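See structure below.
The values are calculated or read from the model by the stated rules, or taken from the named source; none is laboratory data. What you see is a predicted model, and the numbers here were worked out from it, not measured in a lab. Cβ: placed from backbone, ideal geometry, glycine included. Neighbour counts: every protein chain shown.
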């Protein structure tokens, strides 16, 4: 149940964005760093995802191949790529090695969330097996030399090129930004396939004025839905208010980063699916193989996997192209397999490639 809040209308900034990634705590993931989406290579040189193993004989819990030497080798390769163009975390649960949120050196920003609770219309059915949704974001941030799609810097053309095949994927939201100073204003586009493939041109958001400061939220429902999820609506208001306070107090960038983490932090215990519509940070909850919530009163050996907010990321892109990117660990699995609060942080500052 990922959630993001962003604005393109805050004076002095091209973009302010805050993002919570909610995912299974045992899903193999590499932390944010510079890379070029190199494939994960095993010791024998073969390319392989870190995939689920068979259920354990003890309690049937779905386990992941999290061989530490393999993960360490992947991390070293991930960090040692000359001329790396993309800054993001990497999902290593699939061979494609995609991402959920990233920024390129030429100031393209993209994010991806899954869609739940919204079935596809009749006639819209994913391929079997469905293609990786992460490829949509990957090809935008770092187009391959063989790609026949329009230039990824042209947001609307890129989205239009994928609209005819959007129904081939499982449910998704794709939000893309091109923040190049060569553009008269930021280019922003949105693509979804629930309840049917559709796209939106959101360029107007950079010209928004008023009390809401253009603050926009998106979670795991389509952006165009009339009734916003409670956490999306409350988060938009919270972001607008904290930006107003930050500006009035003339605080610095570090204070702004902390304020954005405050926007992402509200949390309530999760006892039912409906609670997920209200909590911005998702406390760890155990899900059964049928993806239903296992009550906290159940035995600790109950069959299931832990899911919650793994990381929270804040991205600031100044008008002059300077970028501040901060990723923090929120929840992780301890050595005993139980959730524990994370304390890691990765911070990057760089100047975007501008002409």
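Residue-level check: of (1) surrounded by fewer than 21 Cβ atoms within 10 Å (Cβ to Cβ); (2) assigned to a helix (DSSP H, G or I); (3) touching a residue at least 40 places away in the same chain (Cβ under 8 Å), residue 241 misses just (3). If you go through segment 262-282 and keep only what is over 14 Å from residue 7 (Cα atoms), in contact with a strand residue (DSSP E or B) (Cβ under 6 Å, 6 or more places away or on another chain) and not in a loop (DSSP other than H, G, I, E, B), you end up with just 264.
When 102, 98 are checked against the criterion of being surrounded by fewer than 24 Cβ atoms within 10 Å (Cβ to Cβ) and either touching a strand residue (DSSP E or B) at 6+ places or on another chain (Cβ under 8 Å) or in contact (Cβ under 8 Å) with a residue 40 or more places away in the chain (or both), a single residue qualifies: 98.
Restrict the check to segment 142-151 and report whether at least one residue is at pLDDT 95 or above and over 21 Å from the mean Cα position of the chain (by Cα). No, segment 142-151 has no match at all.
Inspection of segment 247-267 identifies no residue that is touching a helix residue (DSSP H, G or I) at 6+ places or on another chain (Cβ under 6 Å), over 30 Å from residue 172 (Cβ atoms) and at pLDDT 95 or above.
One line per residue, one yes/no per condition, for (1) modelled with pLDDT of 95 or more; (2) in a strand (DSSP E or B); (3) surrounded by fewer than 16 Cβ atoms within 10 Å (Cβ to Cβ):
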{"site": "161", "(1), (2), (3)": "yes, no, no"}
{"site": "165", "(1), (2), (3)": "yes, no, yes"}
{"site": "176", "(1), (2), (3)": "yes, yes, no"}
{"site": "182", "(1), (2), (3)": "no, no, yes"}
{"site": "185", "(1), (2), (3)": "no, no, yes"}
{"site": "191", "(1), (2), (3)": "yes, yes, no"}
{"site": "199", "(1), (2), (3)": "yes, yes, no"}
{"site": "210", "(1), (2), (3)": "no, no, yes"}
{"site": "214", "(1), (2), (3)": "no, no, no"}
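Being within 22 Å of residue 99 (Cβ to Cβ), in contact (Cβ under 8 Å) with a residue 40 or more places away in the chain and surrounded by 15 or more Cβ atoms within 10 Å (Cβ to Cβ) is a description that does not apply to residue 195. Pairing residues of segment 20-41 that are at positive phi and at pLDDT below 95 with residues that are surrounded by 20 or more Cβ atoms within 10 Å (Cβ to Cβ) and part of a strand (DSSP E or B), at Cβ distances under 8 Å and at least 6 apart in sequence or on separate chains, gives 37/86; 37/90. Filtering segment 86-103 to residues that are out of contact with any helix residue (DSSP H, G or I) (no Cβ under 7 Å at 6 or more places or on another chain) and at pLDDT 95 or above leaves 87, 88, 89, 100, 101, 103.
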